[in-house]
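The values are calculated or read from the model by the stated rules, or taken from the named source; none is laboratory data. Note that this is a predicted model, so its numbers are computed, not measured. Note that each Cβ is placed from the backbone with ideal geometry, even for glycine, and that neighbours are counted across all protein chains shown. Each accessible area value is taken on the protein alone, full model and side chains, heavy atoms only, with ligands, DNA and RNA left out. Shrake-Rupley method; radii C 1.70, N 1.55, O 1.52, S 1.80 Å.
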Amino acid sequence: MKLNIVKNIFDAKNKIWFPLLLYAIAILLAIVLPIILWPLNLSFISRTYDGSVPGMVDTEPFELFGLFISILLITFTSLQLKISNTLNLKSFILVILPLLVSLNILWLIIETSYLKASDYLCYENAARSIVNGLNPYLAEPRCYLYPPLPAQVLAFLYEVVSSSHLLPRGDTLKTWNTVFYLYQCGQFFVVILAYYLTYQLARRMGLKNILASLIVSGLFLFNESLFRAIKFAQINVWILNTFLLALLFLRSHPFISGLAVALGAHIKLYTLALLLPWGFIKKWRAILGVIVGFLVILLIQTDWGQDWTLWQEFLIYFQNPEKPNNYRNSSIRSFVYNLFKIPVTLIDKSYFNFVPTITAVINLLILVWFVVRLIERQRDYRQLKKDSLSGNGQLPNDLFILYGHSIDAIALGLLISPSVWEHHYVIAIPISLWAIVTGQWDRRRLVAVGTFLIFCLPTFDVFPLGHCRMLGLLILVYATSPKFVQQYFLFQNSRKVSINGLFD
């Protein structure tokens, strides 16, 4: 009997779920153990900041989290190397490089967690308002700009932490600092998930594993927008993940793709831009996923439709959303406004009244431009299917429209949004990847310039140079014109046919 039990245990170890379960338990311990050790004030544990300086956070749990996660990352990497049993350039790129990227993300988060960023304080103040039964959109400073869900999640975490026995009861400050710690832990895993999903997207686009690892690692290591998102504890990486999941599942599991968009829409409204192209190509299952997912989350957060207070307050705020004029805010409105602002001594200030009209006209022209691209891509897709000599191309031909339309929608959201800060451009990673993969030799320099302008330059408030990211985005949109991308797919199909012909 005992031998059978032992045998069953060893058989279970060979299943996929067993090591995944071990990894999940290890990660959970890495998150929870710092909270448990924190109140013990152990003599052999110190920290860079102890929270005694006003405005600063006790960094002990963050540093312990960094230690435990580093151990796990190194252990996982060692196991991968042991399985491959080789250490060469290929294993370095596929195994060691992701470890280095992950450690880079980890220390960025740890080193910026000694102080709650101003953007995070907007989320926390909104969550405090919800806990106290107040309007989160009126919390001072009035800077919470999102649907209710992000603030509700933080408020829920506060209730969970305060009702647990891990911290002294009644210590409100430490409770909110623990919520901040959990949020930052989530930020780390969200960025790592984005890295993994972007790699998978690169593979789906036709890149070999080594080249995919190099390109994706470069996009995450040399990325000012990602750095700013981490520094300010921004939620834009969550939006990036919902876009990536929507792209990855659109072909095989469109309903799940729609659920990802629904979740993203409850964080920010950017993801709803995908509904335009999906409706045009009749991806009804994906659209159904958006509707079902959005309604389910809506019912849960409104206590099954009994309390609509937060949504009513959001809709009141949304009637007049943020419209900043900073030189580094890469919105069309900011650009138009500052064009009038520069020669202020030469023109009548009443000309500023034309800013909303001019902005609306430009946004309309951009929308028409993208609709024309959508129609052109559909026409080129039909031609692509005709010109394909075999149905066994290296890439499924329908990715031409599925990815092309969807990535255009991401770009459209960035271009017509009334506010586009530098950290928002983290969601441009799929756009840059699409341009890099599909760019032919005559457009490689153009793609490199566009990617450089978006991700590699620092932030500066100098007009019009602060709009470099918008310029880079426009370059990438041009470089991924339907006709250009069609040539890439034709090349992939012909190359596959030629290879097959060698073995006939």
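Assorted remarks:
- Leu315 in contact (Cβ under 8 Å) with a residue 12 or more places away in the chain and not polar (S, T, N, Q): no
- Filtered residues of the stretch 35-77 (kept if open to solvent by 60 Å² or more (accessible area, probe 1.4 Å), assigned to a helix (DSSP H, G or I) and among the polar types (S, T, N, Q)): Thr75
- Among the candidates Phe294, Phe335, residue that is outside any loop (DSSP other than H, G, I, E, B), within 20 Å of Asn241 (Cα to Cα), open to solvent by 40 Å² or more (accessible area, probe 1.4 Å) and not β-branched (Val, Ile, Thr): Phe294
- Number of residues in the stretch 78-91 that are more than 23 Å from Leu20 (Cα to Cα) and assigned to a helix (DSSP H, G or I): the value is 2.
- Only residues that are open to solvent by 50 Å² or more (accessible area, probe 1.4 Å), within 20 Å of Phe76 (Cα to Cα) and among the aliphatic types (A, V, I, L, M) were counted across the stretch 95-115, and they come to 1.
- The set of residues in the stretch 375-393 being open to solvent by less than 40 Å² (accessible area, probe 1.4 Å) and either at pLDDT 90 or above or touching a strand residue (DSSP E or B) at 6+ places or on another chain (Cβ under 8 Å) (or both) consists of Arg377, Gln378, Asp380, Tyr381.
- Within the stretch 297-309, the set of residues being at positive phi and open to solvent by 50 Å² or more (accessible area, probe 1.4 Å) comprises Asp303, Trp304.
- The listed residue being surrounded by 15 or more Cβ atoms within 10 Å (Cβ to Cβ) and either under 30 Å from Asn338 (Cα atoms) or modelled with pLDDT of 95 or more (or both), out of Val485, Val462, Val477: Val477
- Qualifying residue in the stretch 168-177 (condition: open to solvent by 40 Å² or more (accessible area, probe 1.4 Å), of a type in the set (A, V, I, L, M) and part of a loop (DSSP other than H, G, I, E, B)): no
- Flag if Leu214 is surrounded by fewer than 23 Cβ atoms within 10 Å (Cβ to Cβ) and either farther than 30 Å from Gly466 by Cα or modelled with pLDDT of 95 or more (or both): yes
- Any hit, the stretch 394-416, residues being more than 30 Å from Ser494 (Cα to Cα) and either open to solvent by 30 Å² or more (accessible area, probe 1.4 Å) or at pLDDT below 85 (or both): yes
- The stretch 185-206, subset open to solvent by less than 20 Å² (accessible area, probe 1.4 Å) and more than 15 Å from the chain's Cα centre (by Cα), residue farthest from Phe65 (Cα to Cα): Met205
- If you go through the stretch 116-144 and pick out every residue that is open to solvent by 50 Å² or more (accessible area, probe 1.4 Å), within 24 Å of the chain's Cα centre (by Cα) and not hydroxyl-bearing (Ser, Thr, Tyr), you end up with 1.
- Neighbours by Cβ (under 9 Å, 6+ apart or cross-chain): first from the stretch 282-294, more than 21 Å from Lys268 (Cβ to Cβ); second outside any helix (DSSP H, G or I) and open to solvent by 50 Å² or more (accessible area, probe 1.4 Å): Arg285/His253
- Of the residues making up the stretch 142-167, those that are among the aromatic types (Phe, Trp, Tyr) and in a loop (DSSP other than H, G, I, E, B) are Tyr144, Tyr146.
- Failed item in (1) touching a Lys or Arg at 6+ places or on another chain (Cβ under 9 Å); (2) of a type outside the set (A, V, I, L, M, F, W, C); (3) open to solvent by 10 Å² or more (accessible area, probe 1.4 Å); (4) more than 18 Å from Leu100 (Cβ to Cβ), with Asn209 passing the rest: (4)
So that you can scan it fast, the table gives a plain yes or no per residue for (1) in contact with a Phe, Trp or Tyr (Cβ under 7 Å, 6 or more places away or on another chain); (2) in contact (Cβ under 8 Å) with a residue 12 or more places away in the chain:
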| site | (1), (2) |
| --- | --- |
| Leu173 | no, no |
| Gln187 | no, yes |
| Ile192 | no, yes |
| Asn209 | no, yes |
| Ser213 | yes, yes |
| Phe222 | yes, yes |
| Ala229 | no, yes |
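- In the stretch 226-257, residue most open to solvent (accessible area, probe 1.4 Å) [restricted to those that are farther than 22 Å from Asp398 by Cβ and not in a helix (DSSP H, G or I)]: Phe232
- Of Tyr327, Tyr317, all but one fail to be out of contact with any Ser or Thr (no Cβ under 8 Å at 6 or more places or on another chain), surrounded by 15 or more Cβ atoms within 10 Å (Cβ to Cβ) and hydroxyl-bearing (Ser, Thr, Tyr); the exception is Tyr317.
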